[in-house]
Each structure stands twice: as C-alpha cells, then as structure tokens.
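I have placed the structure first, in the form of structure tokens, so that the comments after it can refer back to it.
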Amino acid sequence: MRYIFIFFLFLSSTNIFATSLSELTAHAKQPQLIQETIDAKELALASKNLAETETAPLIYHQSLSHNRGRDTSGFEYEVSFSKVFKLGNVLALEKRENSLKNRAYLLEQQKEIFRYNAYLGQRYHNYCLDQSYLDGFRVRVDNFTKLYTKKKQAYHEDEISKTELLQLDLEKQQLESRLRSLLSKQHNAKAHIFDLTTLDSSETLLCSDIYPIVRMMILSDNSATLTQEAYDKRIESTQVGLKRYSQKIESLEVGMGYIKELGRDIYTIALSVPLDFSTRKSEYKRASLLHQSSVLTLQNEQKTQQRNREILRLQKRLKQSFLAIESQKTMIYNYTSSLLPLIKKSYEYGESSVIEYLLSEQKLYQLKEKLLEKKRGYFKTLFKLYSMIETKEIL
C-alpha cells in the first residue's frame, strides 16, 4: 500500500511541474520581442506627435542700418519679437487626430502576436498527439517483444519453424527502429518548442490541456477584433480632423518691438491675422477627410466579408475533420474489437501464418497513423481559425 501511495505521489508531483500551454505562451520569446518593439514604437510615435503639435517658437528679429542725411547721420537699429498662436483647440485636435492614427497602427502590429501564439499552440498540440501515439506504439513494441520471447522459446522446443522466427525477428527489429525514430522526432519537437520560450527544456510538457476535438466551434459575434478596433480608431481620427478644419480662423501672430531712429525711439505692437476664409485649403482638407472616411469604410467592409467567408470555410473544414476523425475511430474500434482478435487467436492456434498475423498488426498501425494525421489536420485548421478571429482568449 505504501508503494502505491508513493507511486501516485510521484505521478502527481510530475504533473505539477509539467509545463502547460498557457505557461509556454506566457514565456514565449517572439511575442515578448514583438511587444517590446510595439512599446518602443508607441513611445517614438508619441514623441513625434508632441513635436508636430508643439507651439510655434518665439521669433527674434534684429536689424541695424546707417542713415546719412544732409543734417544728421548715424546708426539706426530695430529689435522685435513675434509668435504665432493657434486659436481655440486646434493643437489639441491635431494631437488627438495623430494619436488615434498611431493607436490604429499599433493595434494592427499586435496581430503578429496572435499568429505566433496560434503557431505555438499548434506545435504543442502536434507534440501531444505524437506523444499519445508514441505511448501506444511503445506498448505495441513491448507486447510484440513478449510475443517474440515466447516464440523464440517455442522455436527451441521445435514448435515453430526457423522461417517464422526470422520473420518475427525482422518485424521486431523494424518496430524497434521505428520506435527509435519516433523518440528522436519527439525529442527534437520538444526541444524546438522550448527553444521558442525562455523556459528550461528539461521540463516535461503537460499535454492534459489540449483542446477537445468538437464538431463545431461556437464563436461570439460581438467579439471585437484588432482589425475592427483599428478601423474604429481611424474613423474617429477623420472625425477629429473634420472638427480641426472647421474653424474660420486658426491662428494669429502677435509681435512687439523697439526701433531706434535718429533722434527718436519707437515702440511697436503688431497683430497679424491669416484670413483663412480667403482660401479654400480647409475646404479641400475636409473633402479629403470625407473621402478618406468613405475609403476606410469600404475597405473595412471588404476585409470583414473576406474574413467572414474564411471563418465559415474553416468552420466547415473543422466539421469535416471532426467527422473524418470519428469515422476513423469507429473503423479502428471495429477492427480491434472484431477482426484483429480473431486473427490473433487463429495465429496462436496455428490456424494462420505469421505473415497474416504481421499484416493484421501492420493494418492496425496504418489505421492509427491515419487517425493521427486527421487529428493533426483538425488542429491545424483550429489554430488557423483562432488566428483569423484574433481572439485574446486563444490559450
């Protein structure tokens, strides 16, 4: 009883320290680099926005001249300062417009993180599927090795021929070679997965958290995607731009100066007002923003329709994969529960040849390989679907 308790304690502790898919995603290298790049771009764009919307500098003007008259002569000079002031909330609107455009750009950059997480999720599921298949294959090798040991003893007792023993020995070698190949493949697959993260590759993968194979994925219609959020920001930026170019007078220039002339001092105060209504620049700007808004709306509708068609196509493919998997599982069940036991029993009673027995085992192996490939195809479609819907709850 004590040994059984220790055994289960070992299993539970092994499971505790196994690495889950969510942990792999949280420690993935590439998304961290992508996010750091996005954060750096955000700071750069914010600084650029501040620079472009900063107030105009104070202008200093100085001149020196020499005046020579009939009665008097001497130097005259002038010193003045001027500055352009934006009226109302023009600067705030410009800053808001640029900020919305920048935010839309940064949102679209995050799509790469979703695509990478989908790739990592697919690799993880492939590994877990292969591991399950490998565990079953290892059991098959062990069972065949036991059978071979019995048949080898039977050969020494002259119960079977040397030809039959050699055929069994050849099959045993092929199975062991295949097992070594599968183990090597799994080792490389695991190493590749951990190379994509900052985690220690000596850890094991949990594999109990893989997604279930279901007939249909139920998607939320109101889930906002990054594409939609970016579109909303761009539309909002055009609305802000329309407000910015709706003002009749945008700025004015104020100046003051001192003029030293021969025999007198002159102090000046100047005011310059650009008469924006005398030009159609703002009108053209507003027209451009209206056309831009229409273009954005049409492009968004086109992308949404393409996305919805692709999602529908992937959902149909997912359903087809599910049905193919169920059909393959039924085929394997029927084979293992009816035909295979009869062939085994017939071979054990000497009613069929070793070739027939080996072919029956090979047939089961081929059926399971096809099931593995169908499951791989299912998860390939599934994670492509997750990448398309840009869900933040992918893992």
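The values are calculated or read from the model by the stated rules, or taken from the named source; none is laboratory data. Quick caveat: nothing in here was measured; it's all calculated off a predicted structure. Positions of Cβ are generated from backbone atoms using ideal geometry, with glycine treated the same way; all protein chains shown enter the neighbour counts.
The residues in the stretch 154-193 that are of a type outside the set (D, E, K, R), under 21 Å from residue 356 (Cα atoms) and part of a helix (DSSP H, G or I) can be counted, and the count is 11.
For the stretch 180-193, taking the residues that are out of contact with any Leu (no Cβ under 8 Å at 6 or more places or on another chain) and not polar (S, T, N, Q), the one that is farthest from residue 146 (Cα to Cα) is identified as 192. Residues that are at pLDDT below 80 number at least 1 in the following helices (runs of 4 or more DSSP H) confined to the stretch 1-84: 2-16. Do we have any residue at all in the stretch 123-137 that's under 30 Å from residue 46 (Cα atoms) and in contact with a strand residue (DSSP E or B) (Cβ under 9 Å, 6 or more places away or on another chain)? So far as the stretch 123-137 goes, no, none of its residues is under 30 Å from residue 46 (Cα atoms) and in contact with a strand residue (DSSP E or B) (Cβ under 9 Å, 6 or more places away or on another chain).
Of all the criteria given as (1) touching a helix residue (DSSP H, G or I) at 6+ places or on another chain (Cβ under 6 Å); (2) loosely packed, with under 12 Cβ neighbours inside 10 Å, the one not satisfied by residue 173 is (1). Check the stretch 365-383 and report whether any residue there is among the charged types (D, E, K, R), closer than 30 Å to residue 229 by Cβ and out of contact with any strand residue (DSSP E or B) (no Cβ under 8 Å at 6 or more places or on another chain). For the stretch 365-383, residues among the charged types (D, E, K, R), closer than 30 Å to residue 229 by Cβ and out of contact with any strand residue (DSSP E or B) (no Cβ under 8 Å at 6 or more places or on another chain): present.
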